[in-house]
Amino acid sequence: MHIEMKLTLPKLIKRLTLAGAAMVLLLFVHILWVTQPSDAHHADIQLGRIDFPAALDAGQAGIALSALRGMDGIQTARLNRDSTSMVFAYPTGRLTHEAVAAHFGQSSRIAHSLFVPPPTAAAAGCPVLNKRSVLYRVSMYIHNLL
């Protein structure tokens, strides 16, 4: 049995209008949720990454984490031995990536390199952090409505 439904132009326009309104409402609610103040202050945290030429064994991993976590100003450090990288966080303006890498090299004596993103990746960063972007202005307009 085959049931044929005819979708007329007025019905199509009505459905598209309802779907568009639902999307706008969802976007509005999403922006309100993500721009609400939080107890966690992530705006002043800088992330960095140290890469290793090869996977670290358990002993080297312990040395690497101790060397980085022992540095004054490092808030956290995470090591992924399988992917040969370690990510760390520190307050913006307190340290530099280069200072962290130099301290790590002196403390651990493990071969490493500091990850520096290519200029194209840096330019394609979060558009909401660019205060001149349309996305930032729309988000702040919605946020300031309340």
Environment charge at residue 75 (Cβ cut-off 13 Å; Lys +1, Arg +1, Asp -1, Glu -1):
+1
For the stretch 45-123, with only Lys/Arg (+1) and Asp/Glu (-1) charged at the beta-carbon, what is the dipole magnitude about the Cα centre, in debye rounded to 20?
120
Taking 0.36 nm per residue of sequence separation and subtracting the Cα-Cα distance, how much length would be gained by fully extending the chain between residue 113 and residue 143, in nm to one decimal?
6.7 nm
Whole-Å semi-axes of the stretch 45-123's equivalent ellipsoid (Cα gyration tensor):
19, 16, 11
Say a paramagnetic label sat at a point 7 Å from the Cα of residue 44, along Cα to Cβ; which residues of the stretch 56-94 have their backbone N under 15 Å from it?
73-75, 90-94
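Bear in mind these aren't lab numbers, they're just calculated from the coordinates by the rules spelled out. Everything quoted here is computed from the prediction, not taken from an experiment. Because the Cβ atoms are built from the backbone with ideal geometry, glycine has one as well, and the counts that use them run over all protein chains shown.
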